[in-house]
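**Student:** Got a structure for you, questions after.
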Amino acid sequence: MRTSSKILQFLLASVAITSCLAFAPTNHGHGSIPSTLGGAGEKRSVACAVKRMPIMMPTQEPMVPYRDSGSDYASFIGLNSALLRDRKLWIGKFIDDNASNDIISSLIYLTTEADNAYKPVELYLNVPGALLRPSLAIYDVIQQLKSSGKEIITTNFALCAGMGSLIAAAGTKGKRRVMPNARFLLQKTGIDSVFQGQATDIALEVKNVKTWNQKIIGELSELTGQPYERIEQDLKRDFYLSSDEAVRYGLCDEVLLPSFGKMGLPVNVDLGSFSSGEDQKYQRDRPEPEEQKPTTPAKKKKGDDDDDGPQIAGLK
């Protein structure tokens, strides 16, 4: 009987310790919780400091109001979901297997939507890098959508590096855009992860990477119109291109420049005092004002009087 009571007390103490450790236990020298683990007044204390975790939102994605067509009120949805409903897809991260699955599923959803199937799909890109196989899967899906008559608009916002440049150039001809300060980086792809094995296995993996690099050079040649030999020569080292150079190279079709005329703003803006040709001077640089000399009142003519009324010309 005494043994069973000890076991019961031990289990109760374990539950108390576990519930306390559900927070992040960090001992700062305070917050000890006494618990009786044995009979005959035997007491032990377990130090368990409580460190409260910050309250997190259910999702870290920004929430924005969105109202469907025909609805009387707006509801808060995720920012990416709101863009997706407008047939816009933001790709702003390194493309690995998980990112590739999300992008491909979003593209398939946009193309199978019956209500807006005729509208183009817009891809906004800021890809700092990408793995070979996941990027080629996205590239193949874009090519399939283009062959079925879908219009794909691509816009490079900041940087498209490696396979990101291939995805940006895979858009519909005439609809490939780039921001003025965005860049492209063309480079060969390597092994996705560290490969271990025998020398024969490593040689096979290297041969496979070379084969895929030749495949990518051929795809870039077809998309840009550049000869195969030139692209092969450019890819021997990291090849950076600005927005204007990318247009001339054939990676994109136009640079998105701000046009104030289309926004309804006046082209000739009056700058006020800043448009003056005079040199702007600080107050300490200005010359001191000259002392004003006292002015003597004008002498009155004879016959003039303050009480005289207005005189009419020709009358004396």
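**Student:** Each residue of segment 211-222 in order: what ³J(HN,Hα) in whole Hz does its phi give by Karplus 6.51 cos²θ - 1.76 cosθ + 1.60, θ = phi - 60°, with x for Gly and Pro?
**Tutor:** Karplus values, whole Hz, x for Gly and Pro: 5, 6, 5, 5, 5, 5, 4, x, 5, 5, 4, 6.
**Student:** Output needed for segment 159-262: three equivalent-ellipsoid semi-axes, defined as square roots of 5 times the C-alpha gyration tensor eigenvalues, in descending order, whole Å.
**Tutor:** Numbers: eigenvalues 210, 37, 23 Å².
They are 32, 14, 11 Å, listed largest first.
**Student:** For Asn80 and Glu254, FRET efficiency with R0 = 35 Å and r from the beta-carbon atoms, rounded to 0.05?
**Tutor:** Numbers: r = 26 Å, r/R0 = 0.75.
Efficiency at R0 = 35 Å is approximately 0.85.
**Student:** Next question. If the label point is 7 Å along Cα→Cβ of Lys173, which residues in segment 208-226 have backbone nitrogen under 14 Å from it?
**Tutor:** Within reach of a label on Lys173, which here means backbone N under 14 Å from a point 7 Å along Cα→Cβ, segment 208-226 contributes 221-226.
**Student:** OK, next. Ranked highest first by the average count of other Cβ atoms within 10 Å around their residues, in what order do 68-75, 229-236 fall? Mind dumping the intermediate values first?
**Tutor:** Working: 68-75: 7.9, 229-236: 14.0.
Result, highest mean first: 229-236, 68-75.
**Student:** If each residue of separation counts as 0.36 nm, what is the full-extension length gain between Asp68 and Asp96 once their alpha-carbon separation is subtracted?
**Tutor:** On the way: separation 28, 0.36 × 28 = 10.08 nm, distance 3.27 nm.
So the chain would gain 6.8 nm between Asp68 and Asp96.
**Student:** Longer than 26 Å from Cα to Cα, which of Lys215/Lys236; Lys93/Lys175; Lys93/Lys215; Lys93/Lys207; Lys119/Lys173; Lys150/Lys215 are they? Say none if no pair is. Write out the running numbers ahead of the final one.
**Tutor:** Working: Lys215/Lys236 15 Å; Lys93/Lys175 22 Å; Lys93/Lys215 24 Å; Lys93/Lys207 29 Å; Lys119/Lys173 16 Å; Lys150/Lys215 24 Å.
Pairs exceeding 26 Å: Lys93/Lys207.
Every read-out reported here was derived from the displayed coordinates using simple, explicitly stated rules and does not represent laboratory data. If you're wondering where the values come from, they're calculated on a predicted model, not measured in any experiment. Because the Cβ atoms are built from the backbone with ideal geometry, glycine has one as well, and the counts that use them run over all protein chains shown.
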